[in-house]
Each structure stands twice: as structure tokens, then as C-alpha cells.
Amino acid sequence: MLKFRSMAVVLLVALSALTLTTFNVKILVVENGFIERIPVRDGDEVTLSFIHSAELSPWVEIYEVKGDSLVLKRALTQSTGWGLPSVEGNFSFVEFNGQKWMAFEIKRKFRILRISALPSNNYTLSVDGKVIKLGNEARVRIEDVSLANYLAEVLTWKSRS
């Protein structure tokens, strides 16, 4: 009986180690003078909102997490002035957060979003209800982390707080 238990424990430890090192967790990494790490899944939406620097009008970009990239799916604006799209075959009107917007369907893949802005651009990033105010310089990317490393990070964060 003792030999069976020992083998069961060894098997359980081996399976746990295999699971922790084989499975990955996707992390949205936001470098913004600090590093924010948010678990995400393929298909999750990441929204980047800001004030366009030329028109001073609101702009929203909606990205989808796909693999190790962010795919720009849609750009929303309420103006068609200088520096903004005005004639596109993929144009429509949509409602977003209770307001009417002009929507431009786009499929553009980014490994890293590099943001360089003025404070007046008021950049914010939203994912899964979490809103992060971005500064003048920011980088946003997707990172795959082993489940073991992710759990170690989470436990480290919890012990700091």
C-alpha cells in the first residue's frame, strides 16, 4: 500500500510539473512608466481611446487579442476632418457607449503598440473592465508566460501588497 501511495504522489507531482510548464497564459503587458500585466485570452477586446491631436475630437480603436498580437478591428471617430479617414468602403455608423460614431473596419496586426502623445491626447486603455490612463510614452504588447511563471508572479504581487 505504501508503494502505491508513493507512486501516486510521484505521478501527481510529475503531472503537476508538466501542467505548470506546458500550459501558457496570455498577458497584456502595458509599459507606461510602470509595468501593468493583465491576463487575457484570444478574442478579448482591448480598447484604446484618445483625443485626436489635429481635430481635437474623440477617437476609439478596438483591438482583438490574437496569438501574440493585437489586431486593430475597428476605428471610431465623430469627425472626418484633417488627418481622419473620410472616404472608405468599409465605413458605417455605429452606436458606442450611447453615442453615434463613424466606424471604419480595419484588419491590421500589431506585435507592439507604441504610443507617443501629449497629455492633452488623454490616452486610456481598457480591457475587461479595467481602465489604464496612459502617459506620454507607452508600449502595449501580448506575452505568453508559462502557467508556473504566471502563478509565481501572482504570488509575488500578493505578497508585496
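What to note about this one:
- Which numbered condition SER79 fails, given (1) in a strand (DSSP E or B); (2) more than 25 Å from GLU153 (Cα to Cα); (3) of a type in the set (Gly, Ala, Ser): (1)
- Residues in region 25-77 that are closer than 21 Å to GLY98 by Cα and basic (Lys, Arg): LYS73, ARG74.
- Whichever residue in region 60-84 is modelled with pLDDT under 90 and not hydrophobic (A, V, I, L, M, F, W, C) and, among such residues, is nearest to ASP44 (Cα to Cα): THR77
- For region 132-146, the criterion of being modelled with pLDDT under 85, in a loop (DSSP other than H, G, I, E, B), over 23 Å from GLY43 (Cα atoms) and of a type in the set (S, T, N, Q) is met by none of the residues.
- Of the set (1) of a type outside the set (Asp, Glu); (2) modelled with pLDDT of 85 or more; (3) out of contact with any Ser or Thr (no Cβ under 9 Å at 6 or more places or on another chain); (4) under 20 Å from GLU45 (Cβ atoms), all apply to SER116 but (4).
The values are calculated or read from the model by the stated rules, or taken from the named source; none is laboratory data. Computed from a prediction, not measured in an experiment: that's the story for all the values here. Glycine gets a Cβ as well: all are built from the backbone with ideal geometry, and neighbour counts include every protein chain shown.
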